[in-house]
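Coordinate-derived values only; no laboratory data. As the structure is a computational prediction, the values presented were derived from the model and not from experiment. For neighbour counting, all protein chains shown are included, and Cβ atoms are generated from backbone atoms with ideal geometry for every residue, glycine included.
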Amino acid sequence: MWFKNLHLFHLEQPWKLSPGRLEEQLATRPLTPCPAMSLQSSGWVAPLETAGLVQSLEKQILIALGTEQKLLPSTVVNESAKTRALAWEKRRGFKPGRKLMREFKDQATAELLPRAFARRRVTRAWINPTARSIVVDSASPTRAESVIEQLRDTLGELNVSLPQPESAPSATMTAWLATGRAPGRFALGEECELTGGDDTKSVVRYLRHPLHAAQLRRHLDEGFRASRLELIWNSRVSLIVNDKLQLKRVAFLDIDKNSEAGNELSPEQKFEADFALMTGEYADLLKDLFEAFGAKS
């Protein structure tokens, strides 16, 4: 359950719902199987299959949004519509027009959709009332926003905002690259992406490469700006931060998740231990991150 891609949201008002009351609210909108004639359904699911809809530990709250999506490739629909069109042409002696082809596709979709396979996806969100933040574990901004929207619809009200740094994250990261160092407990990693400032939108990527090389500095002198940067926090966590202050590929560097001690725990105990460790570390990391970028925490 380790969060790997963090989308950050700031709660504009203090979080007042208790875990029990939140559970009651989420229970009004659980995930249900996708209806026969629908492409997608969404609703709340348990973060851990054997537990309830809300996991809480020392004021930290974990919830999960489930999405069930029908898999109906367009090639399958088009092939079925083509078969219908050929049969129609054989009967009438001429090819159907565009309007009729659209009708054939609609008919094919209606026939195939109830038999389509459904894929289920779970997106977890961590609510930190102390820091007044919600962190969604998703590589997709759209999916992260959908969790927030679903939570807002469920609760009736939820005022959140994206982090608002004092300067553009791109400018801040570029300044760190120019000096060869990051502030506080952060250190530069070995990966970055630079984007040209001209109309060509040129992109230069450095992977497993020292970020103080002369060539990189020449790119900065030519007007390139950092759009992604690997950082190491407190010698314990590596992460990629982009110009929208989204965190990607977050990973602990010195924790063995497959240790013998961990293997002796039950799934519930391991889940709780992971959640406690993750939220404790990430709370400090995000506090330092917001301070480094001059953003509201």
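So the values come out like this:
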item: Cleavage-rule hits (GluC sites (Glu not before Pro)) in the stretch 1-81: DSSP loop, at most 13 neighbouring Cβ within 10 angstrom; result: 12, 49, 58
item: Segment residue 218-residue 121, extension gain: residue separation times 0.36 nm, minus the distance between their alpha carbons; result: 30.5 nm
item: All lysines inside 17 Å of residue 16 as judged from Cα atoms, apart from same-chain residues fewer than 8 positions distant; result: 59
item: Highest average packing first - 148-154, 241-247, Cβ atoms within 10 Å; result: 241-247, 148-154
item: Listed residues 233, 15, 88, most fluctuating in the chain (Gaussian network, C-alpha, under 10 Å); result: 88
item: Overall form of the chain per C-alpha gyration tensor (a/c, 1.5; a/b vs b/c); result: oblate
item: Sites residue 171 and residue 249, calculated FRET efficiency, Cβ-Cβ separation with R0 25 Å, nearest 0.05; result: 0.65
item: Counted charge near residue 57, where neighbours are those whose Cβ lies closer than 11 Å (Asp, Glu -1; Lys, Arg +1); result: -2
item: Helix-derived mean residue ellipticity, 222 nm - over the chain, DSSP H n ≥ 4, -39500 (n - 2.57), to 500; result: -11500 deg cm²/dmol
item: Helix runs (DSSP H) in the chain reaching 18 Å along axis by Cα, Kyte-Doolittle at least -0.5; result: 267-293
